Amino acid sequence: MSKPRGDFVSAQLAVLTVSDSRTEADDTSGDYLREAAHEAGHKVVVSRIVKDNLYQIRAIVSAWIADPDVQAILINGGTGFSAHNTTPEALRPLFDREIEGFGELFRMASYEEIGTSTIQSRAIGGIANQTVIFAMPGSTRACRTAWERIIAEQLDARHGPCNFIPHLKPLPQPDVPDATE
């Protein structure tokens, strides 16, 4: 791991929980991701819970990819091996590029915690319209592993030799009144 460099740059994030059973009252994984992002200095601009439905997931993520205020999307849930888990299938057609290393690195880190059971994780990452997308399992423990071991550094401009901050869409600048008016 290299030394931090430069200044921290806050990113604007969206958090999506994919679950057929979670509600705002018990969305511990979504809560964790929102709190971790906030503590790291990022801003969560939108958050939702959606049923594990390929087309509903794809519609929400598509809208966020097009939203000029969303630079990164964190998705928890729907990445398991059960037939009803559709998050990877919903996301792949949206990616301009897949981040193969995210899933590989997540499974490596997860192996240290849950052994060979990690083989059934279909964690996936990609980038679309200068929006980085990380999809991880829905357990709070898996979200913590993904955030602390991978995502936090990749959303930190100080992390080298590379991170995703330079690849994110620039945020719209507020209109500034013309001083000559």
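The values are calculated or read from the model by the stated rules, or taken from the named source; none is laboratory data. This one's a predicted model, so the numbers in the text were calculated from it and none came from an experiment. Here Cβ is always computed from backbone atoms with ideal geometry, including for glycine, and neighbour counts include all displayed protein chains. All accessible areas refer to the heavy atoms of the entire protein, side chains included, with ligands and DNA or RNA removed. Shrake-Rupley method; radii C 1.70, N 1.55, O 1.52, S 1.80 Å.
Could we say that ALA146 is surrounded by 14 or more Cβ atoms within 10 Å (Cβ to Cβ), within 26 Å of GLN56 (Cα to Cα), touching a residue at least 12 places away in the same chain (Cβ under 8 Å) and of a type in the set (A, V, I, L, M) here?
Values: surrounded by 14 or more Cβ atoms within 10 Å (Cβ to Cβ): yes; within 26 Å of GLN56 (Cα to Cα): yes; touching a residue at least 12 places away in the same chain (Cβ under 8 Å): yes; of a type in the set (A, V, I, L, M): yes.
The answer is yes for ALA146.
Of all residues in region 105-118, those that are hydrophobic (A, V, I, L, M, F, W, C) have Cβ atoms under 6 Å from Cβ atoms of residues that are open to solvent by 80 Å² or more (accessible area, probe 1.4 Å) and part of a helix (DSSP H, G or I), 6 or more apart or on another chain, in ALA109/ARG149. Only one of the numbered conditions (1) over 28 Å from PRO170 (Cα atoms); (2) in contact with a strand residue (DSSP E or B) (Cβ under 8 Å, 6 or more places away or on another chain); (3) at pLDDT 95 or above is violated by GLY78, and that is (3).
Does LEU16 satisfy being open to solvent by less than 50 Å² (accessible area, probe 1.4 Å) and of a type in the set (A, V, I, L, M)? Before you say what the answer is, go through the steps one by one.
Details: open to solvent by less than 50 Å² (accessible area, probe 1.4 Å): yes; of a type in the set (A, V, I, L, M): yes.
Taking the combined requirement at face value, the residue satisfies it.
Right, ALA146: part of a helix (DSSP H, G or I), modelled with pLDDT of 95 or more and in contact with a strand residue (DSSP E or B) (Cβ under 6 Å, 6 or more places away or on another chain) or not? Lay out the reasoning, then the answer.
Details: part of a helix (DSSP H, G or I): yes; modelled with pLDDT of 95 or more: yes; in contact with a strand residue (DSSP E or B) (Cβ under 6 Å, 6 or more places away or on another chain): yes.
It is true that ALA146 is part of a helix (DSSP H, G or I), modelled with pLDDT of 95 or more and in contact with a strand residue (DSSP E or B) (Cβ under 6 Å, 6 or more places away or on another chain).
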